[in-house]
Amino acid sequence: MNMSFLRISIWVYLAIFFAYLLGPLVIMSITAFNSSGFPRMSPWECLTFQWFGELFQDQRILNGIKNSLIIGAGTVVLSVAMGLAGALMLTQIWPKLRATYYTIIIAPILIPGVVLGISTLVFWDRINRMLGLGADSFLSNGVFLTVIGQSTFIASYCMLVLVARLQRYDLALTEAALDLGATHAQAFRKILLPFMRPAIASAAVLAFLASFENYNTTTFTFGEYPTLTIELAQKVRYGITPAISALAFIIVALTVFFALLNEAKLKRQELVAAARKEATVEELAGKIKLPSFFSGNMAAVLLAMFAVATITVVGTAMAYNPAQCIADVKEEKRLEAEQRIQELRKQREEQRKQREAEQGDAQQSTPKPSNNSGFGNVFAPNTLGGQDDESSAEPDDQPSGNSGFGNVFDPNSLKTDE
């Protein structure tokens, strides 16, 4: 029970891991065959191959691929050479200095790519000025600067791969060759180099892939030779199309193809070695019957299936015409847009009527002004106005004697009687 649970847990973990790792690549590859103008898998519209055609008509993308291949080739040559030299030096240097030397060689991996790009640009620009060369000299060329900048840290990766292989090398083979009269160059070319050939091939592939996808260092050094990553980054700023998904699908397909090809080749070598090991003396003296290419080689079977699927897709792309499907989808989108517009208009009309009804109800329910404020008519609008003439007119020539002092202050009191 516990073993079954453990196995199920491992398979679930592997499924989640590979879904997380390869899920985005699968989704992006599917979007390359959707007729939608924006890369998306859902909703699905029509099966189309037009984005592959647009990809091969995009001159900027093609120019970026060309520059990436040129820079990648230069980076491979320089990085593998420096990595092999560093690996050989590490095995021959004084043991007490190996730790320090190893730290110095590995240091470029730990430095950010932005710093490497800026430092490469500044350093070679200063060298260019010291030599009195112009801005169009070889030292200012974008390809040269990009190769130098990328090789500063990719060479460290190559050295790690080569050191792992070199640690299994028997120095007695070189010493025996030297004792038999071979020179150091002959011993290196005929003994050490064949032994290091698999590691050199792996380091070259690693260097090319690291150069092809590099962006941080290249963005400061490419000059007039933008690579594919630079072009893709500039395109994303202005909006992407499924043509980028088509490019991603091609890269994924090529990666799977070469991975299966390499695995099939290695498996074939194992089967041949096993057949020779189990062969009898008579078979060794004569012709050994080797297994077929597909016998016991699952990678070869998958490679054949992949080739058949590729041929099928290419044939379908040449014969299939999605014009009618795309036209139907456009008409459906137009009808949906018109229906949406009608719904919005109807909704706005209902909102307008509702606002008018609310305004009418508010006007009808507005109360009339009342004077029952508790202050009488003090604040009434007519309070400051004059009263009626009949009621307000009082004779000015009839003085009132109700002042408390009698007629003492009466103006006529000083007049004498006749």
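The values are calculated or read from the model by the stated rules, or taken from the named source; none is laboratory data. Because the structure is a prediction, the values reported are computed rather than measured. Please note: Cβ atoms are built from the backbone with ideal geometry, for glycine as well, and neighbour counts cover all protein chains shown. Note: areas computed on protein heavy atoms with side chains; ligands, DNA, RNA excluded. Shrake-Rupley method; radii C 1.70, N 1.55, O 1.52, S 1.80 Å.
What the table below lists for this structure:
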{"quantity": "Estimated vicinal HN-Hα couplings, Hz - segment 55-69 in sequence order (Karplus 6.51, -1.76, 1.60; Gly, Pro = x)", "calculated": "5, 6, 9, 7, 5, 5, 5, 5, 5, x, 5, 4, 5, 5, 5"}
{"quantity": "Net lengthening on full extension, GLU213/LEU6 (0.36 nm per residue, minus Cα-Cα)", "calculated": "70.7 nm"}
{"quantity": "Gain on full stretching of the segment that runs from ILE30 to ALA304 - 0.36 nm per residue minus C-alpha separation", "calculated": "96.5 nm"}
{"quantity": "Under-5 Å amide H pairs with LEU47, H placed in peptide plane, nonlocal only", "calculated": "none"}
{"quantity": "Taking segment 1-105 and dividing mean pair separation by its residue count, relative contact order in percent (alpha carbons under 8 Å, at least six apart)", "calculated": "11"}
{"quantity": "Residue-span extension gain [ARG60 to VAL252] - 0.36 nm each, minus C-alpha spacing", "calculated": "67.1 nm"}
{"quantity": "In Hz, Karplus ³J(HN,Hα) per residue of segment 92-105 (6.51, -1.76, 1.60; θ = phi - 60°; x = Gly, Pro)", "calculated": "10, 6, 4, x, 5, 9, 5, 4, 5, 5, 5, 5, 5, 5"}
{"quantity": "Shape of segment 113-261, Cα gyration tensor, a/c cut at 1.5", "calculated": "oblate"}
{"quantity": "Apportionment of accessible area to carbon and sulfur, segment 4-142, percent (1.4 Å)", "calculated": "74"}
{"quantity": "For segment 1-133, convex hull of alpha carbons as volume per residue, Å³", "calculated": "259"}
{"quantity": "Backbone N under 20 Å from the ALA135 label point (7 Å along Cα→Cβ), restricted to segment 206-222", "calculated": "219-222"}
{"quantity": "Solvent-accessible area per residue for segment 18-165 (1.4 angstrom probe, square angstrom)", "calculated": "55"}
{"quantity": "In sequence order, calculated HN-Hα J values of segment 171-184 (Karplus, 6.51, -1.76, 1.60; Hz; x Gly/Pro)", "calculated": "5, 5, 5, 5, 5, 5, 5, 5, 5, 7, x, 6, 7, 5"}
{"quantity": "Segment 157-298: relative contact order as a whole-number percent, Cα under 8 Å and 6+ apart", "calculated": "17"}
{"quantity": "Those trypsin sites (Lys or Arg not before Pro) in segment 146-217 that DSSP places in a loop and that have at most 14 other beta carbons within 10 Å", "calculated": "ARG168"}
